[in-house]
Amino acid sequence: MKQTIGLILSLNLLFGCATSQIKPIPRGEAVQIVFAKSPQSGDAIDIKNKAIGSGAAKGAGTGAAGGAVAGALLGLSCGPFFFFCSPVLAATGAVTGAGVGAGVGAGVGVTGELSSVKAAQLRARMMSVQQSHPLLAELQKNVNERAQKCWKLGTDQPVALVTVELQDLLLSSTRNEEIDFTVRVLVSVQRDVAKNATKEEKLYQYVAPSSSLSVWLDESSDFIDTLLTSASQQIAVQIVSDLAMK
């Protein structure tokens, strides 16, 4: 299992898709951070069929890296987080920045539809893990732990209101019953809260490499827990990194 965890942590991908640029918040300022789940996300877990091109089939094991991007996680301007943000994952695609290319994952021909029985098993497994491992709660913990070292949190008169909204957890099946996993989080920053100022927004996506359905369904494994932990940690690092940059 240690090998599995190491593989996940070294291969997962993190994309920042900017809907508009988020301006940094000066360190030491009063900031309020709220966490929410998108109303549109619902509780049901949808499993998409993902069409993949013939070229992608040659890259077994690369999974979500089909739309390769260069770069690495930016270092936090707050010193204590440099370890987490140093670009050690650049070679495997742990990235931030301009956005996810429109062609990522696009393809023709082959679909990866799961049978109704297997799809139901995957949904049940995912829902079971989420009961004991709620992603939003862990994301809140990770963001707050990092943010409190940069700003004053929970004050009555914040200079900025930061909303971290868990959009959805996406599952998709590829050929040979390989499962892709994506987490999307929308971050909005509102300054001059009393004046109801316009919000700045940025969408973050965590994309894990494809893994076989059997791994996902293995109840003796902490594979899904590890994915959720990795997603919450990396997204939290990137959120605080972006907001703390000079």
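The values are calculated or read from the model by the stated rules, or taken from the named source; none is laboratory data. Owing to the predicted nature of the structure, the values given are computational and were not obtained by experimental measurement. Heads up, the Cβs are rebuilt from the backbone with ideal geometry, glycines too, and the neighbour counts pull from every protein chain shown. Please note that ligands, DNA and RNA were not included when accessible areas were found on the heavy atoms of the full protein model with its side chains. Shrake-Rupley method; radii C 1.70, N 1.55, O 1.52, S 1.80 Å.
Residues in segment 7-29 that are at pLDDT 85 or above and over 21 Å from GLU201 (Cβ atoms) were compared, and the one that is least open to solvent (accessible area, probe 1.4 Å) is GLY28. Per the conditions (1) open to solvent by 10 Å² or more (accessible area, probe 1.4 Å); (2) closer than 25 Å to TRP216 by Cα; (3) of a type in the set (A, V, I, L, M), the sole criterion not satisfied by ILE179 is (1). Restricting SER241, SER232 to those that are open to solvent by less than 20 Å² (accessible area, probe 1.4 Å), more than 27 Å from LYS48 (Cβ to Cβ) and of a type in the set (Ser, Thr, Tyr) reduces the list to SER241.
Out of segment 124-158, which residues are aliphatic (A, V, I, L, M) and touching a helix residue (DSSP H, G or I) at 6+ places or on another chain (Cβ under 8 Å)?
Let us first name the residues in segment 124-158 that are aliphatic (A, V, I, L, M), namely 124, 126-127, 129, 135-137, 139, 143, 147, 153.
Once the filter is applied, which keeps residues that are aliphatic (A, V, I, L, M) and touching a helix residue (DSSP H, G or I) at 6+ places or on another chain (Cβ under 8 Å), segment 124-158 yields MET126, VAL129, LEU135, LEU139, VAL143, ALA147, LEU153.
The numbered conditions (1) open to solvent by 40 Å² or more (accessible area, probe 1.4 Å); (2) touching a residue at least 40 places away in the same chain (Cβ under 8 Å); (3) of a type in the set (Val, Ile, Thr) are all true for VAL185 except (1). In this structure, ALA231 does not qualify as in a helix (DSSP H, G or I), modelled with pLDDT under 95 and either within 22 Å of VAL129 (Cα to Cα) or not acidic (Asp, Glu) (or both).
Condition first: within 24 Å of the chain's Cα centre (by Cα) and of a type in the set (D, E, K, R). Now tell me which residues in segment 114-166 satisfy that. Passing the criteria: ARG123, ARG125, GLU138, LYS141, GLU145, ARG146, LYS149, GLU165. The set of residues in segment 200-228 being in contact with a strand residue (DSSP E or B) (Cβ under 7 Å, 6 or more places away or on another chain) and closer than 12 Å to LEU135 by Cα consists of LEU227 alone.
Could you check how many residues of segment 110-141 are outside any helix (DSSP H, G or I) and out of contact with any strand residue (DSSP E or B) (no Cβ under 8 Å at 6 or more places or on another chain)? Number satisfying all stated conditions: 3.
Scanning segment 193-228 for residues that are of a type in the set (Lys, Arg), in a helix (DSSP H, G or I) and surrounded by 18 or more Cβ atoms within 10 Å (Cβ to Cβ) turns up nothing. Just one of (1) surrounded by fewer than 19 Cβ atoms within 10 Å (Cβ to Cβ); (2) over 18 Å from SER211 (Cβ atoms); (3) polar (S, T, N, Q); (4) modelled with pLDDT under 95 fails for THR96. It is (1). Out of the residues in segment 142-165 that are outside any strand (DSSP E or B) and more than 16 Å from VAL187 (Cβ to Cβ), state the one that is least open to solvent (accessible area, probe 1.4 Å). Result: THR155.
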